[in-house]
Each structure stands twice: as C-alpha cells, then as structure tokens.
Amino acid sequence: MKKYLIYSFITIALFASCKKGVDPAAGERPEERTATALKTYDDALTGAPNGWKAFLYPSGGSGFSFYMTFNTSNRVSMYADINSTSTQTSSESSYRLKAVLAPSLLFDTYNYLHILADPAPEVNGGTAGWGLYSDFEFTFDRIAGDSIILHGNMLKSQLILIKATADEAAAYKAKQLNTLVNSIVDYTAANKNLYLQLGDDTKIQTTLNITSKVFSLNWVKDNMVSQSTSAFAFTLTGVVLKQPVVYGGKKFSELTWDAAAKNLYATVGGEKVVVQASPTPILPLHLLIGVSYNNIIVPNAANFAGWAPDFVARRAAAAQATQNSPYGLRLDRMQFLFNVLENSLTITVDIYQGNNKFLADFPYTYTKTGDGVYKFNAHQPTGNAGLIVNEMAPLTSQRIGADHFTLDYFFDAGTGQTLGQFKSVEHPDFAFTGTLN
C-alpha cells in the first residue's frame, strides 16, 4: 500500500500549487530568511540516510527516474534510467545550493542530468542546441513530508525527490533497475500489439514507447481515435506515469512488472488488470498515423522488406536521374510526415551533394475514405525540391500524386519489425514500406 500512496503523491504534487521557500520568521532580514531556507533544504538533502528516488519530467516530454545521494561535501552520486550505463554505474558530480531568484539546487558539473540537456543530438537524441529541453538547475518549491518538489530554472522541468528506503537503496546499488528496464524492453519488443480491457469489450491499444518514454491508450469511437497519454519513468517495480491515463472514467498511474508471469499489469479501482498481447494489431494503421505514429521513414536502399517490383524500379530510376542531374545529387532516405489536423502529407527527401546533406520537401494534402483509402493531391514543391521535380517524377507525380493508396502494417519476418506500408490501389505492384515513428 505504501508504494501506491507514494506514486499517487507524485501525480498530486505535479499539479498542486506550490509555495516557494519556507515561511519567514518574523523580523528576519531577507538575506537571513534565504540563508535559513538554504540550510533547511541542505539539511533535508543530506539528511536522508538512504538517499532519494527522483522523477524528472523535461518540458520537452518524456520521463526519467534517478536514485540520488547527497553528502555534506557537496557531492552527489546517482543512477538513472537513461541508458544501460546509467542504470548500472553510479555517476558522481558536485552540486550547490544557491539563492538565484529563490533557493535553488544547482548540479554544476556534468552528470546524468546533463545528458538529457546536452545540445548535441548525437549524445542522447533531442533537438540540436536544446537536447530534450531538460534542466539541471532547479528552484525549490517546497518540502512535503518525505518529498521535495522542485522546478527547472530555465525550462520548467518538473523534479520530485522522494526519500528511499533501505531496501530500495540496496536494490539500486545491486543494479535491479537495470534488470527491470531490460525485462520491460524485451517484453515490449516481443509483444508489439498490447491492449487492455477496462470494464467493457473494447480492446484498448496500449503502447509503451521506450524511445520517447510516453505511455498511451488508444481506442476507436465514432470511427475516430481517442487517446490518453502520459510521460513515464521506470521504477524498481515497473513504470510510473506523470499523470493518470483515463478510459471511461477509470484511471491508473502505474504499471507493475510481474516477473513470474512476465507481463505488466495495472491496478484500477483496486482490481488487477493485466496488459494482454494480441498476435495482430489492435487498430488499423490509417487511424493511428498522425496520432500514435507521426511518420514513416523509407530507408536508402536498393530493395527492402515489403517493397514491390514497380516501386523498386521507379526508386532506382529516380535515384539515377537525381545523380545525373546538373547538381550531381545522391538520393537517400525519404520521410513521409502526416499532419491529421491539416490532412497533409510532407515527403521530405534527403539528398546529398558530396558529403553535404540537403532536404527537399514535396507537400501534399489528402482525402481519406472511412475504410482508409487515401488520395494525395500534390502542391508546388519549393526550394531544393524544385531542383529535382522531374527526377523524382517516377515516384511522385506518376504514382503518389496520381493513384489511390491504402496504408497498412507489414511484418518483416527477417527482423521481427512491424513496418508501415503504402500500396497503390491502381498499381498493386507499387508498394513500399518504412519504419514507423
């Protein structure tokens, strides 16, 4: 019961209005009040004998868990669920408590927190210059029982520290977080079509996106997809959600890993609800593209799983024509980005001149029937795309902009990966696949 109360508190704390600092004593000067507040927070951080469980939710989305211990020499050590190294190897750095605009906790040398904010995409993905829009300098909001609530000074990331127990401290040091993460990663990789049933016959597609650290429920109502999502972070027992996900008035904030049964379950209204696996997709792809998946990335290849002969031939012709163009360009991958709010598709083609990469955008709007047949209507390409309109015509104006298409899943038996596949209605031998993102 204690575990569930703790995780329920996380959700409540994120939405509670917070009072900065501590109440000043009557007659104290501002600098004295600040000094008192800093000492209160310092004593709290260093006075937790078993360290702290921490949950960080960057403003850019996602969620991450940490285990931190602070000592009186201004050193902090931590584990994190960022990658296989951070779940097993403790990282130590310095920290400071300082009055910025309010009492603040500053992690002032590089540690696992900085990986999330690293501006170089090759470090941990994210946006160039911003990383995952995460913070490593935080303002204290308040102490509440066994928890400390903070927010990021620059990007308003949310950080909650909760005192760990002796058993939890021992588990982190014994690398049990790594064991748990690997179990769930393997489970989701082996079971692509997860679902829950919450009080009715509806199979609710359940997605635990390990890359984006987002959990989602998807279901169909009136031929439209409804969705409830939350960022999540790993714990020693499963995953905790930033906020509850809701279906039909029922909600939950945590999934627990059952090591014996090798599955996940939620506790909903006091009842255990097991996440189930289906051999086939729960919802058709045409309802999820632009909702659960934003794009399909077609790789740079001569052939690929799910590519039909006409597409292979036409892609080869487009690649050869692009290479023979006055600019001597090399055709690389193609990204098909859907925007369901605008009923638009943008095909972004990567093209290279030597080692220099350029992007060429081919914009479309589309109509779609109720059973998922698309008609893409081309708009005028501009910029780099305008330079290769004729070269790309075997793919674009002669097929994608001319035919009707279905969009479905394609299972690659060789890799075990589920891809997204376009298939022409008029020319069934023009079909191609890409990875779903």
#### Entry: Residue list for region 82-96, restricted to those being closer than 20 Å to residue 147 by Cα and charged (D, E, K, R)
96
### Query
In the list 341, 359, 337, 345, which residue meets the criterion of being among the aliphatic types (A, V, I, L, M) and out of contact with any strand residue (DSSP E or B) (no Cβ under 8 Å at 6 or more places or on another chain)?
341
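Only one of these is in a helix (DSSP H, G or I) and either over 19 Å from residue 92 (Cα atoms) or in contact with a Pro (Cβ under 6 Å, 6 or more places away or on another chain) (or both): 183, 134, 212. Name it. Steps first, answer last, please.
Working: 134 fails: in a helix (DSSP H, G or I); 212 fails: in a helix (DSSP H, G or I).
One residue alone meets the criteria, 183.
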### Query
In the set 140, 55, 136, which member is at pLDDT 95 or above and in contact with a His (Cβ under 6 Å, 6 or more places away or on another chain)?
136
#### Entry: Looking only at region 208-224, and only at residues there that are modelled with pLDDT under 90, polar (S, T, N, Q) and under 27 Å from residue 56 (Cα atoms), the one that is nearest to the chain's Cα centre (by Cα)
212
### Task
Would you check if there is a residue in region 261-279 being crowded, with 17+ Cβ neighbours inside 10 Å, among the hydrophobic types (A, V, I, L, M, F, W, C), touching a strand residue (DSSP E or B) at 6+ places or on another chain (Cβ under 7 Å) and within 16 Å of residue 421 (Cα to Cα)?
no
### Summary
Note on residue 157: of the conditions (1) hydroxyl-bearing (Ser, Thr, Tyr); (2) in contact with a Ser or Thr (Cβ under 7 Å, 6 or more places away or on another chain); (3) surrounded by fewer than 21 Cβ atoms within 10 Å (Cβ to Cβ), unmet is (3)
### Task
Quick one: in region 108-137, of everything that is surrounded by fewer than 21 Cβ atoms within 10 Å (Cβ to Cβ) and aromatic (Phe, Trp, Tyr), which residue is nearest to residue 153 (Cα to Cα)?
133
### Query
If you scan region 160-172, which residues turn out to be surrounded by fewer than 18 Cβ atoms within 10 Å (Cβ to Cβ) and either farther than 18 Å from residue 91 by Cα or not assigned by TED's automatic domain parsing to the domain that holds residue 41 (or both)?
165, 166, 167
## Note on the structure
Counted residues in region 32-53 being crowded, with 22+ Cβ neighbours inside 10 Å and either part of a strand (DSSP E or B) or without any contact (Cβ under 8 Å) to a residue 24 or more places away in the chain (or both) come to 2
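Just to be sure before I move on: is residue 192 surrounded by fewer than 19 Cβ atoms within 10 Å (Cβ to Cβ), in a loop (DSSP other than H, G, I, E, B) and at positive phi in the structure I sent? Quick ask: steps written out before the conclusion?
Working: surrounded by fewer than 19 Cβ atoms within 10 Å (Cβ to Cβ): yes; in a loop (DSSP other than H, G, I, E, B): yes; at positive phi: no.
No, not satisfied.
Condition test on residue 315, is it touching a Pro at 6+ places or on another chain (Cβ under 9 Å), more than 18 Å from residue 408 (Cα to Cα) and assigned by TED's automatic domain parsing to the domain that holds residue 421?
Numbers: touching a Pro at 6+ places or on another chain (Cβ under 9 Å): yes; more than 18 Å from residue 408 (Cα to Cα): yes; assigned by TED's automatic domain parsing to the domain that holds residue 421: yes.
Yes.
Looking at residue 243, is it polar (S, T, N, Q), under 30 Å from residue 433 (Cα atoms) and at pLDDT 95 or above? Let's see the steps before the verdict.
On the way: polar (S, T, N, Q): yes; under 30 Å from residue 433 (Cα atoms): no; at pLDDT 95 or above: yes.
Answer is no for this residue.
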## Note on the structure
Looking across region 286-312 at residues that are part of a helix (DSSP H, G or I) and at pLDDT below 95, the single one that is surrounded by the fewest Cβ atoms within 10 Å (Cβ to Cβ) is 287
### Summary
Inside region 409-433, the number of residues satisfying the requirement of being touching a Pro at 6+ places or on another chain (Cβ under 7 Å) and in a strand (DSSP E or B) is 1
### Query
Does residue 380 fit the bill of being farther than 18 Å from residue 313 by Cα and polar (S, T, N, Q)?
yes
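The values are calculated or read from the model by the stated rules, or taken from the named source; none is laboratory data. This structure is a prediction, so every number in the text was calculated from the model and none was measured. For neighbour counting, all protein chains shown are included, and Cβ atoms are generated from backbone atoms with ideal geometry for every residue, glycine included.
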